[in-house]
Amino acid sequence: MRQSAKQEAVLAANEAFYGAFARRDLAAMDRLWARSAEVTCLHPGWDPCRGRDAVMASWAGILGNAEAPNIRCLRSQAAIYGDVAAVVCYEAIEESYLIATNLFVREGGAWKLVHHQAGPLAAEPPEPEAKSGPGQRRLH
């Protein structure tokens, strides 16, 4: 299925989020989070962070920690609901995986994060489904 321009823009914002994480770039992370909408963040094993100050303090602690894990984002899929978008993806951390949901809103003409939640996944993510096309058969 072809991505819409809005889906591509949301996925680019999602990639920027994981890029800021990988570079340990707090200034870039700060630019990605909404300023006018209420924000929340649920890091695995943490109590919820509510409000921009608490969310950004959590990221300052994580990004400032030299032992924070490296995370790669896998298989992002975006759904658009007007000026709100949801991205569901997998996070690869060394030999384990999390599943994450990132919610975005339109703010100042750009997609901004309002919620991030990551949690454990019992096994490796499933393999991506093969795309069907001419000459390929799907059983279901």
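The values are calculated or read from the model by the stated rules, or taken from the named source; none is laboratory data. Because the structure is a prediction, the values reported are computed rather than measured. Here the Cβ is made from the backbone with ideal geometry for all residues, glycine too, and neighbour counts use every protein chain on show. Areas reflect the complete protein model, heavy atoms only, side chains present, ligands, DNA and RNA absent. Shrake-Rupley method; radii C 1.70, N 1.55, O 1.52, S 1.80 Å.
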Give me the residue from the stretch 64-95 that is touching a residue at least 24 places away in the same chain (Cβ under 8 Å) and more than 16 Å from the chain's Cα centre (by Cα) and, out of that set, farthest from D30 (Cα to Cα). E94
Would a scan of the stretch 111-125 turn up a residue that is open to solvent by less than 60 Å² (accessible area, probe 1.4 Å), in a strand (DSSP E or B) and more than 21 Å from R24 (Cα to Cα)? no
Out of everything in the stretch 21-39 that is open to solvent by 40 Å² or more (accessible area, probe 1.4 Å) and touching a residue at least 40 places away in the same chain (Cβ under 8 Å), what residue ends up being nearest to I71 (Cα to Cα)? A22
Counting just the residues of the stretch 41-54 that are in a loop (DSSP other than H, G, I, E, B) and in contact (Cβ under 8 Å) with a residue 24 or more places away in the chain, which one comes out farthest from R24 (Cα to Cα)? P44
For the stretch 15-25, indicate whether the set of residues that are among the charged types (D, E, K, R) and under 14 Å from C73 (Cβ atoms) is non-empty. yes
Those residues of the stretch 46-77 which are at pLDDT below 95 and either β-branched (V, I, T) or within 24 Å of P126 (Cβ to Cβ) (or both) amount to I62, P69, N70, I71, R72, C73, L74, R75, S76, Q77
Meets criteria (over 15 Å from N102 (Cβ atoms) and in a helix (DSSP H, G or I)) for A57: yes
Of the residues in the stretch 77-89 that are open to solvent by 40 Å² or more (accessible area, probe 1.4 Å) and in a strand (DSSP E or B), the one that is nearest to G109 (Cα to Cα) is V84
Any idea which residue in the stretch 1-20 is most open to solvent (accessible area, probe 1.4 Å), counting only those that are more than 18 Å from G108 (Cα to Cα) and not hydrophobic (A, V, I, L, M, F, W, C)? R2
